[in-house]
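This report concerns only the one structure given below.
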Amino acid sequence: MTTAPGFCASLLAVCLALLASGCATAPPLDASGTSIGLKPYQIEYQPQFDEQLVLWGGMIVEVDNRERSTEITILAYPLDQRQQPKLESPSEGRFIAVLPGFVEPLDYPQGRFVTLRGRMFGTRAGTIQQREYLFPLVQVQAAHVWPRDFRNAGPNFSIGIGISR
């Protein structure tokens with residue numbers, strides 16, 4: 001039985017497409033209904049955004065366990081299509097993510113990156129070094145802490161063609 005070269009090429013193309021689609025990862029959080037384009041730094045100048053649903057992410061600066069909740073201060077970065085913080089972009093301000101109850105600080109370590117979905121519910125005045133700052137408050141509905149090497153965690157495969165005698 002012989003096979004046509006066109007059939008082999010088609011079969012190879014289908015296999016490669018299936019392999020590539022299997023490596024694609026879906027964003028970790030549902031972005032439907034979130035306010036696209038709203039940045040944390042804008043809240044300082046326009047604090048009327050209460051009740052907005054946001055999808056924000058960035059670097060964890062501090063974890064503060066309080067009596068009934070945990071507050072995580074986050075240095076915001078824009079998100080890419082996979083909802084990963086784009087570290088090569090300028091930061092977009094800071095915000096405070098509020099989670100109910102006690103959160104283990106080692107689950108949200110300082111310097112790690114997180115993406116979260118939540119609803120804004122006000123602001124809080126504070127300082128960054130000696131400058132006054134108005135922090136947006138976000139009641140977290142869902143959060144994803146990225147692994148330390150998330151920027152290098154893409155698919156890693158290669159295809160080779162060899163000639164044999």
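The values are calculated or read from the model by the stated rules, or taken from the named source; none is laboratory data. Here the structure is a predicted model, which means the values were calculated and not measured. Note: ideal-geometry Cβ built from the backbone for every residue, glycine included; neighbour counts use all protein chains shown. Ligands, DNA and RNA are stripped out before the accessible areas are found, and what is left, the full protein with its side chains, is counted by its heavy atoms. Shrake-Rupley method; radii C 1.70, N 1.55, O 1.52, S 1.80 Å.
Counting only residues that are more than 21 Å from PRO109 (Cβ to Cβ), in contact with a Pro (Cβ under 8 Å, 6 or more places away or on another chain) and open to solvent by 20 Å² or more (accessible area, probe 1.4 Å), segment 83-98 holds 2 of them.
Among the residues of segment 99-114, the one identified as crowded, with 20+ Cβ neighbours inside 10 Å and within 13 Å of GLN139 (Cβ to Cβ) is LEU99.
Look at segment 131-149: where a residue is over 18 Å from GLY118 (Cβ atoms) and a partner is open to solvent by 20 Å² or more (accessible area, probe 1.4 Å) and not hydrophobic (A, V, I, L, M, F, W, C), sitting 6+ places away or on another chain with Cβ atoms under 6 Å, you get TYR133/GLY126.
At pLDDT 90 or above and under 20 Å from VAL140 (Cα atoms) - does that describe any residue in segment 42-49? Looking for residues that are at pLDDT 90 or above and under 20 Å from VAL140 (Cα atoms), one finds none in segment 42-49, hence no. Name the residues in segment 115-125 that are surrounded by fewer than 20 Cβ atoms within 10 Å (Cβ to Cβ) and within 24 Å of ALA31 (Cα to Cα), would you? Residues satisfying the conditions are ARG119, PHE121, GLY122, THR123. Against the list (1) in contact (Cβ under 8 Å) with a residue 40 or more places away in the chain; (2) crowded, with 16+ Cβ neighbours inside 10 Å; (3) under 15 Å from the mean Cα position of the chain (by Cα), the condition LEU75 fails is (1).
Please work out if ILE128 is surrounded by 12 or more Cβ atoms within 10 Å (Cβ to Cβ), of a type in the set (Val, Ile, Thr) and modelled with pLDDT of 95 or more. Spell out how you get there, then give the answer.
Numbers: surrounded by 12 or more Cβ atoms within 10 Å (Cβ to Cβ): yes; of a type in the set (Val, Ile, Thr): yes; modelled with pLDDT of 95 or more: no.
Here the answer is no, as ILE128 does not meet what is asked.
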